[in-house]
1. Is it true that R34 is surrounded by fewer than 12 Cβ atoms within 10 Å (Cβ to Cβ) and away from the ligand (no atom under 16 Å from the Cβ)?
2. Starting from the range 7-23, take each residue that is without any contact (Cβ under 8 Å) to a residue 60 or more places away in the chain and basic (K, R) and list its partners that are within 8 Å of the ligand (Cβ to nearest atom) and in a helix (DSSP H, G or I), counting only C-beta distances under 6 angstrom and pairs at least six apart or across chains.
3. For the range 19-31, what are the residues that are surrounded by 16 or more Cβ atoms within 10 Å (Cβ to Cβ) and basic (K, R)?
4. Would you mention how many residues in the range 68-79 are within 19 Å of K22 (Cβ to Cβ) and crowded, with 16+ Cβ neighbours inside 10 Å?
5. If a residue must be surrounded by 12 or more Cβ atoms within 10 Å (Cβ to Cβ) and more than 8 Å from the ligand (Cβ to nearest atom), how many such residues does the range 4-18 contain?
6. I'd like to verify a number: residues in the range 58-83 that are modelled with pLDDT of 95 or more and part of a loop (DSSP other than H, G, I, E, B), how many?
7. Looking at K61, K28, K22, which one is within 22 Å of A86 (Cβ to Cβ), away from the ligand (no atom under 16 Å from the Cβ) and out of contact with any strand residue (DSSP E or B) (no Cβ under 8 Å at 6 or more places or on another chain)?
8. Return the residues of the range 84-98 that are part of a helix (DSSP H, G or I) and not aliphatic (A, V, I, L, M); say none if nothing qualifies.
Amino acid sequence: MDDICPKCGLPKNLCICEQIAKEQQKIKIRVDHRRFRKTVTLVSGLGKDVDIEGLTKQLKKNLACGGTAKNGVIVLQGDHRKKVKALLLEQGFKEELIED
Ligand SMILES: [Zn+2]
């Protein structure tokens, strides 16, 4: 059996739940300076319909940095504010909903 989206009941390849979620998410990108001079970029506000694990993987690959997803927040090592925004736009998120 094909994967069916539990939300809309359509096969996963036809499901647009994630796309809709991306168009409605208010995302916040901020840079945090942690102890020991570690700088991280935090991406928060991603809804539960967004594949956060997949997005984290993609961002890490594109930015060539380490990172994790925890409690719906993506934490990337280093200051990647500008690049993260550009990558999120590529992923279908809306510019007017991204706060940075
Ligand atoms: Zn769906």
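The values are calculated or read from the model by the stated rules, or taken from the named source; none is laboratory data. Everything numeric in this text was worked out from a predicted model, so none of it was measured. With ideal geometry, Cβ positions are generated from the backbone for all residues, glycine too; neighbour counts draw on all protein chains shown.
1. Yes.
2. Close Cβ pairs satisfying both conditions: K7/C17.
3. Residues of the range 19-31 that are surrounded by 16 or more Cβ atoms within 10 Å (Cβ to Cβ), as a first pass: 21-22, 25, 27, 29.
Scanning the range 19-31 gives a single hit, K22.
4. 3
5. Residues meeting the conditions: 2.
6. 6
7. Numbers: K28 fails: out of contact with any strand residue (DSSP E or B) (no Cβ under 8 Å at 6 or more places or on another chain); K22 fails: away from the ligand (no atom under 16 Å from the Cβ).
Criteria check complete, one pass: K61.
8. Within the range 84-98, the subset part of a helix (DSSP H, G or I) is 84-90, 95-97.
Within the range 84-98, K85, E90, E95, E96 meet the criteria.
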